[in-house]
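Participant: First the structure, then my questions, so here it is.
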Amino acid sequence: MLARSHDHIRRIYDSIESVKRLSDRVIGIGPINIIGLDGILALLPIPILSTAYSILAGGFLLIQGIRSHATLSTIATSFIILAIDAGLTTVEELLQLIPGAGWLLAIIPGGADALFQGHLYAAHLIQKDIDRTHYVEGRRGNADEHREHLADMRAQKGKKRVVYLG
């Protein structure tokens, strides 16, 4: 169900934040959070757990992005990031394309996948899309009302588009 109110948008934003923290922000060193549940599962000898979690969490993020009326480019970019994170292609495979990056692969098997924060990146993209959108409850009215909404959008710093929730 697509968002129909500002409250729905806020709840979507908060749920994306929760998945972002759980997936990639559980264990930190000082002020830097480097690994989450997704990374911990990637280090376990049972790869299906990590893949299942990545697919479920990634699917949830994409659905929330669609519900929040995110742009097609945001959804497509998030999908690509989440596909890499879910293991459809591994970070190790991508690193093999870089000459001289083999030493990174030898440090910890599965370590590059564990440290790749795909859910964090995708969640951040979707949240940024939400932040850049001026949401209007209701349906698009006449041209004068639309111009007023455009003026409201331009008056708010960082807003790039108007979305009607009706």
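Participant: Using only the Cα atoms of the range 124-166, what are the Rg and Dmax in Å?
Facilitator: 10.7, 34
Participant: Right, another one. Rounded if a/c is under 1.5, else prolate if a/b is larger than b/c, else oblate: which is the range 33-78, with a ≥ b ≥ c the root eigenvalues of its Cα gyration tensor?
Facilitator: On the way: a/c = 3.18, a/b = 2.34, b/c = 1.36.
Because a/c hits 1.5 or more and a/b exceeds b/c, the range 33-78 counts as prolate.
Readers should treat all values here as calculations from the given coordinates under stated rules, not as data from a laboratory. Quick caveat: nothing in here was measured; it's all calculated off a predicted structure.
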